[in-house]
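> Take a look at this one; I'll ask things after.
Only the coordinates and a few stated rules stand behind these numbers; no lab work does. Since the model is a prediction, treat every value here as computed from it, not as a measurement. Note that we place each Cβ from the backbone using ideal geometry, even for glycine, and neighbour counts take in every protein chain shown.
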Amino acid sequence: MVIQLKRIYEETEEKEGRRVLVDGVWPRGIAKDKAKVDEWARDVAPSKQLRQWFSHDPEKFDEFKEKYKQELEQNTEQAEALDQLKQTVREQNKQVTLVFAAKEETYNHARVLKEILDRQPKDS
């Protein structure tokens, strides 16, 4: 199973497999019927407070990762959404693409989710 990351504003490719939007709010300027996402996992996104605090500041990324992982463990809705995302990944026999809107491609929550999903046992 390959998990990749992609901005929603980039051209969609056939090889992307199942596309899962992992943002809490719908991306600006993208019509829902043209988004080409198979699933919107909005509850897996970081809280508004955490997102605003982080503000894609590279110097805060390590601390953001830890705080976000804590949210995913401690917040019931986020934990359930992460479990559902893990299930989606397990059920796919091809690639899954985590889609996000952030301009910052290196320091964002989708990268944290990919790290978590990449560490999951393939057969659990």
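> Search region 13-23 for residues being assigned to a loop (DSSP other than H, G, I, E, B) and touching a residue at least 40 places away in the same chain (Cβ under 8 Å), and hand back the single one that is farthest from the chain's Cα centre (by Cα). Don't jump to the end; show me each part of the working.
To start, the set of residues in region 13-23 that are assigned to a loop (DSSP other than H, G, I, E, B) comprises 13, 17, 22-23.
Next cut, touching a residue at least 40 places away in the same chain (Cβ under 8 Å) only: 17, 22-23.
Details: GLY17: 15, VAL22: 4, ASP23: 7 Å.
Selected residue: GLY17.
> Take the conditions part of a helix (DSSP H, G or I) and either among the aromatic types (Phe, Trp, Tyr) or surrounded by 13 or more Cβ atoms within 10 Å (Cβ to Cβ) (or both) and apply them to LEU98. Does it pass? Before the answer, list the steps.
Working: part of a helix (DSSP H, G or I): no; either among the aromatic types (Phe, Trp, Tyr) or surrounded by 13 or more Cβ atoms within 10 Å (Cβ to Cβ) (or both): yes.
No.
> Condition first: in a helix (DSSP H, G or I), out of contact with any Leu (no Cβ under 8 Å at 6 or more places or on another chain), surrounded by fewer than 17 Cβ atoms within 10 Å (Cβ to Cβ) and among the charged types (D, E, K, R). Now tell me which residues in region 29-58 satisfy that.
Hits for region 29-58 are LYS32, ASP33, LYS34, LYS48.
> Also: So which of GLU73, GLU10 ends up being over 14 Å from ILE116 (Cα atoms), acidic (Asp, Glu) and either touching a residue at least 40 places away in the same chain (Cβ under 8 Å) or loosely packed, with under 11 Cβ neighbours inside 10 Å (or both)?
Going through GLU73, GLU10 in turn, just one is over 14 Å from ILE116 (Cα atoms), acidic (Asp, Glu) and either touching a residue at least 40 places away in the same chain (Cβ under 8 Å) or loosely packed, with under 11 Cβ neighbours inside 10 Å (or both): GLU10.
> Every residue in region 81-94 that is over 14 Å from the mean Cα position of the chain (by Cα), assigned to a helix (DSSP H, G or I) and surrounded by 11 or more Cβ atoms within 10 Å (Cβ to Cβ), please.
Result: ARG90, single match.
> Exactly one condition in (1) in contact with a strand residue (DSSP E or B) (Cβ under 9 Å, 6 or more places away or on another chain); (2) part of a helix (DSSP H, G or I) is false for TRP26; which is it?
(2)
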